[in-house]
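One structure is given here, and the rest of the page talks about it.
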Amino acid sequence: MKLPGLDIPAIKAKIDTGATASSLHAFDVERFRRGGLRWVRFSIHPRLRSDDAAQVVEAEVIEDRPIKSSNGQVEMRPVIQMDVQILDRVWTADVTLANRDEMGFRMLLGRQALRRHFLVDPSRSFLTGQP
């Protein structure tokens with residue numbers, strides 16, 4: 001998967017139809033205001049198990065949303081909109097920011113982002129190629 005608006009040519013993402021929202025690994029999250037709007041600056045490591053190639057990104061916060069994590073705890077997370085690309089399809093998705101250091105994927109693509117774009121075949125993996 002690619003994140004063209006963030007200039008990330010590849011990121012290993014988990015397609016998770018059990019998750020409502022999508023989530024991107026973010027750290028050093030800093031909120032600020034620009035032109036009266038809420039923004040966030042954060043760093044990401046697109047490559048799993050790698051601390052090199054950290055990228056600093058800025059995006060407008062469209063809302064703060066309560067998200068229930070896999071362990072059942074609810075936390076408020078900033079939500080940004082970003083372009084997502086799988087193969088030749090590009091669309092805009094709402095994505096929450098969370099520290100996913102302990103997770104197996106830097107990004108989780110939930111059912112809201114997949115709706116009207118893809119049908120999911122749970123028996124298949126890495127259809128766009130091995131990471």
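What follows draws every value from the coordinates through simple rules; no lab data is involved. Please read all numbers here as calculations on a predicted model, not as lab measurements. Using ideal geometry, Cβ is built from the backbone for each residue, glycine included, and neighbour counts are taken over all protein chains shown.
Figures for the structure shown
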{"quantity": "Cα gyration tensor of the chain - equivalent ellipsoid semi-axes, whole Å, descending", "calculated": "23, 17, 15"}
{"quantity": "Longest to shortest principal axis, alpha-carbon extents of segment 1-44, angstrom", "calculated": "35, 25, 18"}
{"quantity": "Net lengthening on full extension, Asn99/Ser69 (0.36 nm per residue, minus Cα-Cα)", "calculated": "9.7 nm"}
{"quantity": "Antiparallel bridges, percent of DSSP beta bridges restricted to segment 4-114 (to nearest 5)", "calculated": "80 percent"}
{"quantity": "Estimated 222 nm signal from helices in the chain, with DSSP H stretches of n ≥ 4 weighted -39500 (n - 2.57), rounded to 500", "calculated": "-500 deg cm²/dmol"}
{"quantity": "Paramagnetic reach from Glu60 (point 7 Å along Cα→Cβ, amide N under 18 Å) across segment 1-33", "calculated": "5-6, 31-33"}
{"quantity": "Using θ = phi - 60° and Karplus 6.51 cos²θ - 1.76 cosθ + 1.60, couplings along segment 16-22 (whole Hz; Gly, Pro as x)", "calculated": "10, 6, x, 9, 6, 9, 9"}
